[in-house]
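Trainee: Handing you this structure, nothing more for now.
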């Protein structure tokens, strides 16, 4: 029972990540278009537009990295792991994923420190928000990535059929 | 543990399949820690956010993904086929031209090989081209557009190189201009080679048909203005590259979601 609860929680988390990603990308696109219209049409601009869109790219990149690690689609050299028998693959996979998790955890730790020192001498970011708030992306982004890689260490070996997957994608529904 | 040992360990993990971003992160952290500046790795990363225009990359990627999902590769192949299919080595030239165009539409974000390759590789095989030639052609053609505007690697190179005081300064516009000639040469050479290989392939006996061409043009009428819009917008100087990316993504989004429904 706990298994299915965990599974459902994970699926909910994935859906929330997807929604957040789509929302962030859509929001950034809308903001960029509005800025162009304002600038060309009315010679104006939203003063908070530029900082938000710059910070947004980093947040988007981190969310995208989280999505990619969910499907284990980060680029890696898979020449050796591909040749391994199942048992050895399991050990090597766990090792590399834990190592990646450790490195991400290290980065999250440093990011946390950076954010804390920014908090001691805060600068204004945009109206009412201080400069350490967008920096939350460092500890949280890398921290969640570390968590993802810990989870991935226990994932089963993927059955890869890249050619079939690619043609499925290309032959998707036509409009 | 000495720094050589740490780097060696990370490289070993890379060979065993650790994701490459973690390899790069690890080398940066280990090296900077040895120098006593481990925070620099993260401040540099965060500093990326201060680069104006980086948003061009996710936006062009979005445009490319939407295009490949909307069936644009099929329409492009149909158009190139109507235009060039009757030549010797026609299908191979179709593959080259369609790939180059699709890459230019989508900023060379890597979707070309997946979207076009899956379509063209089976077609080339079915038409009687050798297996290794077909595979090589699709792979080579998929990266051809790297040299054409608005390719993301060129934009990225411009972003990194522009702040460095070179003489003359590197601008993204110049990089796009610089890519045109070598890109065209590669197109021509690959096409000539395709004609050479095409001699051994049984002719399709297909004649050029103006009617098919016109209907293919009508089919692709929403995609065709894109390269013109993108290039004109980049070179008229009013819009930054990131703004062109925003307009491209917005145009593709509206066409895919509203017009083509």
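The values are calculated or read from the model by the stated rules, or taken from the named source; none is laboratory data. Keep in mind that this is a model prediction, so the values were computed, not measured. Cβ placement follows ideal geometry from the backbone for every residue including glycine, while neighbour counts extend to all protein chains displayed.
Trainee: Those residues that are surrounded by fewer than 16 Cβ atoms within 10 Å (Cβ to Cβ) and more than 10 Å from chain A (Cβ to nearest Cβ), I need them from the range B:27-46; list them, please.
Mentor: Those that are surrounded by fewer than 16 Cβ atoms within 10 Å (Cβ to Cβ) and more than 10 Å from chain A (Cβ to nearest Cβ): B:34, B:35, B:36, B:37, B:44.
Results for (1) out of contact with any helix residue (DSSP H, G or I) (no Cβ under 9 Å at 6 or more places or on another chain); (2) at pLDDT 80 or above, shown as yes or no for each residue.
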{"site": "B:160", "(1), (2)": "yes, no"}
{"site": "B:170", "(1), (2)": "no, no"}
{"site": "B:180", "(1), (2)": "no, yes"}
{"site": "B:223", "(1), (2)": "no, no"}
{"site": "B:232", "(1), (2)": "yes, no"}
{"site": "B:240", "(1), (2)": "no, no"}
{"site": "B:243", "(1), (2)": "no, yes"}
{"site": "B:251", "(1), (2)": "no, yes"}
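Trainee: Pick from B:57, B:24, B:3: which is modelled with pLDDT under 85, more than 7 Å from chain A (Cβ to nearest Cβ) and within 30 Å of residue B:112 (Cα to Cα)?
Mentor: B:57
Table: residues versus (1) loosely packed, with under 13 Cβ neighbours inside 10 Å; (2) more than 14 Å from chain A (Cβ to nearest Cβ).
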position: B:181; (1), (2): yes, yes
position: B:193; (1), (2): no, yes
position: B:210; (1), (2): yes, yes
position: B:224; (1), (2): no, yes
position: B:229; (1), (2): no, no
position: B:248; (1), (2): no, no
position: B:253; (1), (2): no, no
position: B:256; (1), (2): no, no
position: B:259; (1), (2): yes, no
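Trainee: While we're looking at this one, here's another question. Please determine, by comparing only the residues of the range A:35-92 that are over 30 Å from residue A:125 (Cα atoms) and at the interface with chain B (Cβ under 7 Å from one of its Cβ atoms), which one is surrounded by the most Cβ atoms within 10 Å (Cβ to Cβ).
Mentor: Filtering first and then ranking leaves A:76.
Trainee: Being more than 16 Å from the chain's Cα centre (by Cα), at pLDDT below 80 and closer than 30 Å to residue B:178 by Cβ: is that true of residue B:83 here?
Mentor: yes
Trainee: Residues that are within 27 Å of residue B:136 (Cβ to Cβ), at least 3 per element: which helices (runs of 4 or more DSSP H) completely within the range B:166-261 meet that?
Mentor: Where helices (runs of 4 or more DSSP H) fall fully within the range B:166-261 and carry at least 3 residues being within 27 Å of residue B:136 (Cβ to Cβ), they are B:172-198.
Trainee: Considering only the range B:11-62, state which residues are in contact with a helix residue (DSSP H, G or I) (Cβ under 6 Å, 6 or more places away or on another chain), in a helix (DSSP H, G or I) and within 29 Å of residue A:22 (Cα to Cα).
Mentor: B:22, B:23, B:25, B:41, B:42, B:49, B:56, B:57, B:58, B:59, B:60, B:62
Trainee: Could I ask something else about it? Is there a residue being closer than 23 Å to residue A:111 by Cβ, at the interface with chain B (Cβ under 8 Å from one of its Cβ atoms) and either touching a helix residue (DSSP H, G or I) at 6+ places or on another chain (Cβ under 8 Å) or touching a residue at least 24 places away in the same chain (Cβ under 8 Å) (or both) anywhere in the range A:1-24?
Mentor: Taking every residue of the range A:1-24 in turn, none turns out to be closer than 23 Å to residue A:111 by Cβ, at the interface with chain B (Cβ under 8 Å from one of its Cβ atoms) and either touching a helix residue (DSSP H, G or I) at 6+ places or on another chain (Cβ under 8 Å) or touching a residue at least 24 places away in the same chain (Cβ under 8 Å) (or both).
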